[in-house]
Every structure is written in C-alpha cells, then in structure tokens.
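One structure below.
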C-alpha cells in the first residue's frame, strides 16, 4: 500500500469512528433512574435527578430541561444543566409542578443531539403554613422560657452567693443515697 | 461553566493523612506528659485558662457537620437554613452561665452524670446515662463515617482507610495524653479551622458577584430566599434545641466546665460561641454560590468541598481537606475523652469499683478509650446515612434540656418529673421523627416541649424542695 493509501485508510477509519460515536450518542435515549417513577412528591422543595443512557459513550454530554408543563413549550422551558454529569440535585423550588427531561447533547450546540427521555414530574408541596406558624410559635415560647430560667437563675444565685437556697424546706427530696 | 471535578490525588490524600496523623500524635504525646495523676488525665489539672478554654470549646463544636452540613442546610433551606445551623452556637451562649452554676455546685465534680445522680437519684441517672451514651456513639459514628466519606470524596482515599486512620489517630493521642492532649491539639485545630474557613469564604466571595448569586437564586432557586420557606422555619428551632440538648447534657461540655480555672468557664463558652457563630454562615454562603458559579451539584453532602475545590483549585481542595481533618479530630478526641470519663466515673467507679485506686482507674479510662474507638469503628463499617444517625438522637438529648436547666436553678424540680420528662419527651420526639407530616425537623421541638411541660407541672405541684447543700456532701 502506498503512503497515500495508508493515509486515506487512516482518515476513513478516523472519520468512521467519529460518525460511529455520534451515531451511538444520538441513538442513546436516556432514562431517569432517580426518581424511580415518573412522579415525585417533594415536600422540601428538593429532588435528586439521576439518569442513565445505554449505549452513550463515557464522554457523552447531556442536556437537562425544566418546564412548568409537560409539553415543554420554548417560552416556558429552560436548560437546567448541560455537561457530562449523569445527575443533578435540584433545590429551592417554589410550590407547584415541574417537569424535567434529559437528552444526550453534542458538545457543540449546533451539533446533533439525541432524543428526549420520558419526562418526570416533580410536585413541590410544602407543609401547610398554619402548621409551620404553630410549631414555630411553640418553639419561640419554649426558647424564651429556657433562656428566662437560665438568666433568672444566674441572677438569683450568681457565682458569689452560697449554694444553699435562701429558704430551704426541711422536708427536702434529693437523690437516693 | 466551571468544571467541578477538581480533587486531590490519592497519594496527596495519604501524604496529608500521614503528616497530620503523626503530627497530632506527637503533639498529643508531648502535652500528655503533664497528665501525671488522675485529675491531670481526666480534668487537665482543673486549671485551663481562657484562651485554651475558648479554643477547645469552639474546636469541639466545629465538627465535620459544621463544615459539611451547614452548606447542605443552606443549599436545601436557603438563608434561613444557614441561620438555623448557626443557632447551634446559642447552646454555648446559654451554657456560659450554667457552667458557673455547675462549678459552684460541684467544684470537684467529674461528669454530668454526677449532677443527675445527686440531684434526681439513681433512676434518673441510669436513664440519663442511656441517653448520653446513645448520643455519644451516634456523634462518634457520624464523625467516623463523615471522615471516611470526605476523604474518599476529596482525595480518593478508600472509605475504610480514611475512617480507620481518623479514628486511630484520635484514639492514640487521647489514650496517652488525656484531656491535656485533647485541649492542646484543640487549640491548634481551632486556629486552623478559623483561618481555613475564613480564607475559603473570603476567596469564594471575591470570586463571586453577590448580585449574580442573588440573581441566580431568584430565578433558579427562589424558595431559598423565601423568609417563609416552611421547612426552613421548622428547622430553625429544631436545630436550636438539638444544640441546646447536645451542649446542656453531654459530658464533653461538663468536663470542660470542670477543667477550666475558677471564673473562666462562662467567658470561655461565651467567646467560643461568638467564634463559632460565623463559621456555618461562611460555609453556607459557599453552597449558595454554587448555582451562579455554574457548578452542578450532584451530591448535596459534598457541596462545600465541591465549590471550594472548583473555585480555589488544588490549593482549595488541600485547605478543605486540612480543615475537615482538624474539625473531625477536634470533636472525636473530645468525645472519646469525655465519654471515657463518664463510663469510668459513673459506671466503673460508682456502680462497681468504689474503692479502686487511682492507677487502676486511670488504666480503666485508657481501656475505655480503646473500647469506644473499637465499637465506633465497628458501627462505622455500616456506612450509615450521617444525618439519620445523628438526628435520631436529637429527641433523646432534647428531652434532657429541662430536667437539667430546672435541676440547676429550681429547688422544686423533682425526681419523678425529671424521669417522666426524659421518657415522654424522647418517645414523643421519636414519634414526630417518623411521622409523615411532621418529619425529622420537628423531633427535637416536640421532645423539648413535652419535657418542659412535664417538668414545669411536676415542679409546680411538688411540695418538697431540694437542699442544694447535698452537692457539697456528695
């Protein structure tokens, strides 16, 4: 084989490799493994999303989209993540429904991308504010009471006074001997 | 978008482990030479001054949770979450006057168990020992697990190796140096932690645009800026009471109150609280910057080191590694020493060997340190979820808050009320922990509330008063 032939052969193999990689990447449609089902109730406004893509190379990059409807209209959809990771942690979502989908994306935005996964729905539903205010109010009362006992006790006994109570009751109850 | 995969090589990780491990053992052995008698070993001679006292309290309270969980709180619960974590310093603030009272009542005391036994009797004492031992093991295990996972994340050191080295180093220098070694190494660790966290926090702030951070949070994570975010509000008081319970009941803090020089303890605890307060806020801010820096958070438990490493590069990862190592060691050694004191004093000496000579007691203390380390290592093999391990003990310790506080200042607080409060508070808190509507972030709040009501009612109904002079006679 001539030099030209060797070079041509090498070039065609290289090109075939790239095409093959792109083909494999674009054929791989990811699926979410976390959450395990298509619907997830998030009571703390957070969700972990993990996906896998059979057939996608290790160097594959992914695009994760978030939308408020499962039709993913352009005006209500934004890219949440683009990169090589196969998961992300979402937090701080306001109450409501969110839809996520992921696909294999070429590193170049103009390049080929794979098909979208089935969307998962994350519903953020917080504990009712009435319950929150009630428990917070109780917390405030207990906190202030605890502080009051300590500070009042410190003022009463101090560090320079006798450890004996000023008005001891002779029928005292103490620790068992 | 910043590449968030900057970590240390495992050879660097092992080298750092070796350097700090041997350094800490050497320092521990050096300071431990002062521990010539039992009081020296357990109480550092009861002569610790303000600087060392503040440093050891602050360093002990800065755990791997402070460095790792505070960012998680911020990432999941926003600004309120960050502040909620910082309320753990309130326990130190409030313990300051309590430490003065403790020293006044039992100047030659050794453990928190001493107080409970004299104040409320044997039943309450046994119950209290159960609570504090469960909590101590939970805390020790959470440190061991956190250490192994962190070293694995930061430097690829296998979990078993990292966890074993962390525990092993702490056991060795605590074993030979006692509380002198613990407090001495705490002083250095506190300086490293303070400087490290401030440096990382400042550098992250310099590299980020605060306005951009706010803009990103507003659009992508709006609930983190919501002052009415439900889960954040719930965690505010829950975390505060968990902190109260931890500090008020655990022998780690009581032993320091006993070890400090007369009059030093209140100032030391106040100062340590002030020094500790900004640390979770700085750590939390780092996590809130992740979105604006384009960092993809995959595992929230490692968001702190992930952002520090991504922003500061190799040097930042080393700094985080060192800070985490110091925060782990400063807490594990304190727990080992204090829990050993409790077991030896309250169980070995008070229950079995009342006439044991000092050398035998000191040997027992050393054996207990080794045993604690071994049991903790075995628990850590399970690699449990750190949050679940630690926060499950929250309702137990929260139930002890009011028996202790009322026991220190109210002469009508009584045995029956204390026992009922600890049992009912613990049970109610555990029910809340597993309740689908309430959840883990209400458990401590429920526990302390039930406990407080029982203590207050029983004290109000009691016609007997406690004679404080009993502490002098004991």
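Worth pointing out:
- As a proxy for reagent exposure, ranking A:58, B:346, A:85 by other Cβ atoms within 10 Å from fewest up yields A:58, A:85, B:346.
- Square roots of 5 times each gyration tensor eigenvalue, C-alpha, region B:151-238, largest first, Å: 37, 18, 17
- Computed FRET value (nearest 0.05) for residue B:205 with residue B:299, which takes r as the C-beta separation and R₀ as 25 Å: 0.60
- Helix B:443-461 vs. chain B, principal-axis angle (Cα, 0 to 90°, nearest 10): 20
- Dividing the C-alpha radius of gyration of region B:90-134 by 2.2 N^0.38 Å, with N its residue count, gives 1.24.
- Here each label is just a point 7 Å from Cα along the line to Cβ, and for residue B:469 and residue B:371 those points are 3.9 nm apart.
- A convex hull fitted to the Cα coordinates of the protein assembly as shown yields 162 cubic angstrom per residue.
- Under the simplified labelling scheme, the residue B:358-residue A:125 pair shows an inter-label distance of 6.6 nm, with each label point 7 Å from Cα along Cα→Cβ.
- In this structure, residue B:9 and residue B:453 have a Cβ-Cβ separation that, at R0 = 51 Å, corresponds to a calculated FRET efficiency of about 0.35.
- Rounded to the nearest 10 degrees, the inclination of helix B:358-380 to the longest alpha-carbon principal axis of chain B is 40 degrees.
- Fully extending the segment from residue B:47 to residue B:383 would add 117.1 nm, taking 0.36 nm per residue of separation and subtracting the current Cα-Cα distance.
- Within chain B, helix-based [θ] at 222 nm, where runs of 4 or more DSSP H residues each add -39,500 (n - 2.57), nearest 500: -26000 deg cm²/dmol
- Whole-number Å³ per residue for the convex hull built on Cα positions in region B:332-452: 138
- Calculated FRET value between residue A:34 and residue B:214, using beta carbons and R₀ = 35 Å, to 0.05: 0.75
- On the principal axes of its alpha-carbon atoms, chain B has extents of 68, 50, 39 Å, going from largest to smallest.
- Helix axis angle, B:264-276 relative to chain B longest principal axis, alpha carbon, degrees: 20
- Between residue A:75 and residue B:108, the modelled label-to-label distance comes to 8.3 nm, taking each label 7 Å out from Cα in the direction of the beta carbon.
- Relative exposure of B:9, B:89, judged by other C-beta atoms within 10 Å (fewest first): B:9, B:89
- Global geometry of region B:273-347, whether rounded, prolate or oblate, following the gyration tensor of its Cα atoms and the 1.5 cut on a/c: prolate
- Computing Rg and the Kirkwood Rh from the Cα coordinates of region B:94-249 gives a ratio, Rg/Rh, of 1.05.
Quick note: the coordinates plus some simple rules give every number you see, no bench work behind them. Note that the coordinates shown come from a computational prediction; the quantities given were computed from them, not determined experimentally. Cβ atoms come from the backbone with ideal geometry, glycine included; neighbour counts cover every protein chain shown.
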